[in-house]
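Heads up: the structure comes next, in structure tokens.
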Amino acid sequence: MQPKLVLFTVVGVSFSEPRFAFETIVPRDDSTLFLGYLGVLPAVTGSENHGESYDRVGDSRTVRLSDGATFREEIVRYVRPPVRDASTPADARHDTAVAPASRTATTLDAAGQDAVAQDAAGHFDCDITRFTGILSRIVSDATARWTFAPGTPGRTRITWTYGYRPLPGRTFLVRRVIGPLWLRYMRRSMGNALAAIVAERTSSQTAA
């Protein structure tokens, strides 16, 4: 029987609209967001698209890491959030990251608003395969799921869930040894993403 995915989730709150947050983070060069952790977890150094684009379901690319390893990433869901109503005010405060202990997340605190938020959310989901390097001896594949869901007016709740599928006999290693470091890496990367949104918003306001 194939091992189940070991899932890790972090959440960030951006004081920008979902469409702005999505279009700032998703097309961004990954090497500016995923910078590695303590010299143990490698940074992203670049990627090569396998086609002309990387913004449609089925598009794929090869991602390179600082330790020389690579993996293949394929888009399985790509949904831009709708453009907000012009009458909705935007909040100009800074973005903040939070990292709940729970490995699952809802898009809003009020359960009755979850369905509405999901309808207006953006999604960027990828399947990851063909690991090389040390990960190829630990996991068979992985998934990455990003959701950009509206919160209160002018805010976005960004949820990033990453799941590794361990090779047989490797579940404890992934969950208890790699997992804690990986979760810290995800939190730091989410912070980088939120900082990028702030920088882009500031740049846009200055240009205007």
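Residues in the stretch 119-130 that are touching a residue at least 40 places away in the same chain (Cβ under 8 Å) and not in a strand (DSSP E or B) were compared, and the one that is nearest to residue 164 (Cα to Cα) is 130. Within the stretch 190-199, is even one residue buried (at least 20 other Cβ atoms within 10 Å of the Cβ) and over 17 Å from residue 26 (Cβ atoms)? No, the stretch 190-199 contains no residue that is buried (at least 20 other Cβ atoms within 10 Å of the Cβ) and over 17 Å from residue 26 (Cβ atoms). Here residue 42 clears all of (1) farther than 14 Å from residue 144 by Cβ; (2) touching a strand residue (DSSP E or B) at 6+ places or on another chain (Cβ under 6 Å); (3) free of Cβ contacts under 8 Å to residues at least 24 places away in the same chain except the condition numbered (3).
Residues of the stretch 124-182 that are of a type in the set (S, T, N, Q) and modelled with pLDDT of 95 or more: 129, 132, 136, 140, 143, 147, 156, 159, 161, 171. Restricting the stretch 119-130 to residues that are charged (D, E, K, R) and over 20 Å from residue 8 (Cβ atoms), the residue that is surrounded by the most Cβ atoms within 10 Å (Cβ to Cβ) is 130. All but one of (1) more than 23 Å from residue 58 (Cα to Cα); (2) β-branched (Val, Ile, Thr); (3) at pLDDT 95 or above hold for residue 116; state the number of the condition that does not hold. All conditions are met except number (3).
Based on this model, can you work out whether residue 175 counts as part of a helix (DSSP H, G or I), among the basic types (Lys, Arg) and surrounded by fewer than 19 Cβ atoms within 10 Å (Cβ to Cβ)? Answer is yes for this residue. State whether one or more residues within the stretch 6-29 are closer than 24 Å to residue 170 by Cβ, assigned to a loop (DSSP other than H, G, I, E, B) and of a type outside the set (S, T, N, Q). For the stretch 6-29, residues closer than 24 Å to residue 170 by Cβ, assigned to a loop (DSSP other than H, G, I, E, B) and of a type outside the set (S, T, N, Q): absent.
A search for C-beta distances below 6 Å between a residue of the stretch 131-159 that is surrounded by 16 or more Cβ atoms within 10 Å (Cβ to Cβ) and any residue that is among the basic types (Lys, Arg), counting only pairs 6+ apart in sequence or on different chains, returns 138/170; 139/165; 140/165; 141/165; 149/157; 151/157. Scanning the stretch 30-49 for residues that are loosely packed, with under 15 Cβ neighbours inside 10 Å and not in a helix (DSSP H, G or I) yields 38, 39, 40, 46, 48, 49. Scanning the stretch 152-167 for residues that are under 15 Å from residue 124 (Cα atoms) and aromatic (Phe, Trp, Tyr) yields 160, 162. In this entry, residue 64 is excluded by the filter for residues that are modelled with pLDDT of 95 or more, surrounded by fewer than 17 Cβ atoms within 10 Å (Cβ to Cβ) and either of a type outside the set (A, V, I, L, M, F, W, C) or part of a loop (DSSP other than H, G, I, E, B) (or both).
The values are calculated or read from the model by the stated rules, or taken from the named source; none is laboratory data. These numbers come from a predicted model, not from an experiment. As a convention, Cβ positions derive from the backbone with ideal geometry for all residues, glycine included, and neighbour counts pool all protein chains shown.
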